[in-house]
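Enquirer: Before I ask anything, let me first share the structure, which is written out below as structure tokens.
No lab work stands behind these numbers, since they all come straight from the coordinates. Bear in mind the structure is a predicted one, so any value in this text is a computation, not a measurement. Cβ sites come from the backbone with ideal geometry, for glycine too, and all protein chains shown count toward neighbours.
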Amino acid sequence: MTVRPKPHYSFDAYLDTERAESDLRHEYLDGEVFAMTGATESHNIIVMNISGELRIQMKGRPCFVYTNDMRVRIEGADAGKYPDVTALCGERLFYDQRRDVLLNPSLIVEVLSESTEAYDRGEKFAVYRRLPSLREYLLISQRRMRAELFVRQGDGGWLLTEYSDPMESVPLASIDCRLSLAEVYDKVEFQSD
């Protein structure tokens, strides 16, 4: 039996195909392309709650929040990802004139699911850490009220702080915002295991 080699694409070839097929989304990593799946109701509610809260707090400031249709290019890892939420304050840098591939987010948020949790915590976070602009990485559970904030330290390491009380707020220093856990989980119905 002959094993077929996996197709290897350049980032530009991936991007051309992705832009032409607007109904499908794929992530790119070092020449390989991976199809993305749909999200649950809870996932969608959490993403909208986070982006809505950040948008309100950013009003009147040169800050921007994007949801999961904005690609992020990670040059240092030869990757293109669709984070659930990205944000930054100040100048936005884009891959090209289409302005659909962001190069410099300071905050990335991923909402965890059973199928992606290990990847979001491991390999995906390793890829995101290659972004020089990234200051904060926030993981949000959709199975229980829990947020994990990783903050880049001066020495390049990452400090983890966990939040699980509905009265707590997650401080996002890179964009000068706070996320109330009660607001993040507003209307989310947790499923019993």
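Enquirer: Computed from these coordinates, which is percent of Cα pairs over 31 Å apart: [x] 12; [y] 17; [z] 43?
Expert: [y]
Enquirer: Listing Tyr119, Tyr82, Tyr128 from the residue with the fewest other Cβ atoms within 10 Å to the one with the most, what is the order?
Expert: Going from sparsest to densest Cβ surroundings: Tyr119, Tyr82, Tyr128.
Enquirer: Between Thr40 and Lys187, what FRET efficiency comes out of the Förster formula 1/(1 + (r/R0)^6) with R0 = 22 Å and r the beta carbon distance, rounded to 0.05?
Expert: So the FRET efficiency works out to roughly 0.95.
Enquirer: Under a Cβ-only charge scheme (Lys and Arg +1, Asp and Glu -1), can you give me the dipole magnitude of the chain about the Cα centre, in debye to the nearest 20?
Expert: It comes to approximately 420 debye.
Enquirer: Looking at the chain, how many pairs of lysines come closer than 27 Å at the Cα, when each pair is eight or more places apart or spans two chains?
Expert: So the count of such lysine pairs works out to 5.
Enquirer: Now a separate question. What ³J(HN,Hα) values, in whole Hz, does the Karplus curve 6.51 cos²θ - 1.76 cosθ + 1.60 give for region 143-158 when θ = phi - 60°, with x put for Gly and Pro?
Expert: Taking θ as phi minus 60°, the curve returns 8, 7, 6, 6, 10, 10, 10, 9, 10, 5, 9, x, 8, x, x, 10 Hz for region 143-158.
Enquirer: Here is a further query. For the Cα atoms of the chain, what angle does the longest principal axis make with the long axis of helix 11-20, in degrees from 0 to 90, nearest 10?
Expert: Its long axis makes an angle of about 80 degrees.
Enquirer: Using Cα atoms only, what is the angle between the long axis of helix 41-58 and the major principal axis of the chain, expressed in degrees (0 to 90) to the nearest 10?
Expert: For 41-58 against the chain, the angle is about 70 degrees.
Enquirer: Also, I was wondering about something else. Would you mind calculating the relative contact order of the chain from Cα pairs under 8 angstrom and at least 6 residues apart, reporting the percent as a whole number?
Expert: Here the relative contact order equals 17 percent.
Enquirer: What Cys residues in the chain have no fellow cysteine's beta-carbon under 4.7 angstrom?
Expert: Among the cysteines of the chain, those whose Cβ sits 4.7 Å or more from every other are Cys177.
Enquirer: Based solely on its DSSP helices, what 222 nm [θ] is calculated for the chain when runs of n ≥ 4 H residues each add -39,500 (n - 2.57) and the sum is averaged over all residues, nearest 500 deg cm²/dmol?
Expert: When only DSSP H runs of four or more count, the value is -6000 deg cm²/dmol.
Enquirer: Could you check the spin-label model distance between Gln153 and Arg55? Points 7 Å from the Cα along Cα→Cβ, value in nm.
Expert: Going by the 7 Å Cα→Cβ label model, 3.7 nm.
Enquirer: Same structure again: Looking at region 39-184, send over the antiparallel percent of its DSSP beta bridges, to the nearest 5.
Expert: The answer is about 75 percent antiparallel.
Enquirer: A follow-up question, please. Pulled fully out, how much extra length does the chain show between Leu24 and Phe94, if you take 0.36 nm times their separation in residues and subtract their Cα-Cα distance?
Expert: Going from the current span to full extension adds 23.1 nm.
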